[in-house]
1. If you check Asp36, Asp18, which single one turns out to be in contact (Cβ under 8 Å) with a residue 12 or more places away in the chain and out of contact with any helix residue (DSSP H, G or I) (no Cβ under 8 Å at 6 or more places or on another chain)?
2. Quick test for you: out of Lys59, Lys12, Lys48, pick the one residue that is without any contact (Cβ under 8 Å) to a residue 12 or more places away in the chain and within 14 Å of the chain's Cα centre (by Cα).
3. Would you point out the residue of the range 37-67, among those that are of a type outside the set (A, V, I, L, M, F, W, C) and in contact with a Gly (Cβ under 7 Å, 6 or more places away or on another chain), that is surrounded by the fewest Cβ atoms within 10 Å (Cβ to Cβ)?
Amino acid sequence: ADFDRAAEDVRKLKARPDDGELKELYGLYKQAIIGDINIECPGMLDLKGKAKWEAWNLKKGFLVFHK
């Protein structure tokens, strides 16, 4: 319940987080929901996909809180 509440609070932020904060939130969210990254790194031309992959990959090994 706390995780769901925190995720909803992030969605309701009045100010949009900067790109670094968004990547950090994305990585934490994916790690909390799914666990360690389970997809291959996108190609170098997929800049957005690669940034998301890297953000999630940095959280590898963190605990999974919500499944």
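Just so it is clear, none of the values below were taken in a lab; they were calculated from the coordinates. It should be emphasised that the depicted structure is a prediction, and the values quoted were computed from it without experimental measurement. Cβ coordinates were reconstructed from backbone atoms using ideal geometry, including for glycine residues, and neighbour counts include every protein chain displayed.
1. Asp36
2. Step by step, each of Lys59, Lys12, Lys48 is checked, and only Lys48 is without any contact (Cβ under 8 Å) to a residue 12 or more places away in the chain and within 14 Å of the chain's Cα centre (by Cα).
3. Pro42
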